[in-house]
Amino acid sequence: MDEQKVNEKLFEYCKETLDSIKERELLTKKPKQFIDHTDAAACNRQYDLDFDQEKVIKMAILKWGRKVLQHLAINSPVKLKELLGLYIDIHVEIPFNTKEMPPMKYAMLEVTDLFEKGILTLPLATRLLIAGLQNIIYQQAFQNDNEIQMLFVSLSNATSGITLPYSKALVPITL
């Protein structure tokens, strides 16, 4: 895999999401409450005393996971820009100086590379992207969160070869 070319393709496919992130960065109020978060994450009302960045991260994870489950349940194709766009929204919200950043980035690059090679299905993409989220689940104290646990159990069951009907294993990812 040529990482630079794959990264360019990732940016090309997710241009809409990346543009919306740039717009959010411009809306950021200074000073940021959480200095180790991106400007895009800082525009989430961090200036409120009751603000909870972990809740924002949790909601982004749930939104992404529920979208995947929806497409698997109805056996419908998902757009790559939608799948990765929601994942990028998670990526933007986590602290940028933590260990989660590289695994998530590599997961997105791997998904993009497999899409380019024409061998990507939704279950395979889901497994790769879940692997990229493992560190954040444990470091953000989500391992004891019932909603996150149920989501990952559901995603694991929905994408396993044992419980997944063969037709759903072939759910395509389109542009």
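The values are calculated or read from the model by the stated rules, or taken from the named source; none is laboratory data. The model shown is predicted, which means the values in this text are computed figures rather than measured ones. Cβ: placed from backbone, ideal geometry, glycine included. Neighbour counts: every protein chain shown.
Taken over the range 141-163, residues that are touching a Lys or Arg at 6+ places or on another chain (Cβ under 8 Å), more than 16 Å from L122 (Cβ to Cβ) and at pLDDT below 85 amount to 2. Pairs are defined by a Cβ separation below 8 Å, a sequence spacing of at least 6 or placement on different chains, a first member in the range 104-123 that is in contact (Cβ under 8 Å) with a residue 60 or more places away in the chain and more than 18 Å from V171 (Cα to Cα), and a second member that is in a helix (DSSP H, G or I) and charged (D, E, K, R); the pairs so defined are L109/E3. Scan the range 60-88 and report the pairs whose first residue is free of Cβ contacts under 8 Å to residues at least 24 places away in the same chain and whose second residue is surrounded by fewer than 17 Cβ atoms within 10 Å (Cβ to Cβ) and part of a helix (DSSP H, G or I), with Cβ atoms within less than 9 Å and a gap of 6+ or a chain change. Between residues of the range 60-88 that are free of Cβ contacts under 8 Å to residues at least 24 places away in the same chain and residues that are surrounded by fewer than 17 Cβ atoms within 10 Å (Cβ to Cβ) and part of a helix (DSSP H, G or I), the close pairs are E82/K67. Looking across the range 5-14 at every residue that is in contact (Cβ under 8 Å) with a residue 40 or more places away in the chain and part of a helix (DSSP H, G or I), the one that is surrounded by the fewest Cβ atoms within 10 Å (Cβ to Cβ) is identified as N7.
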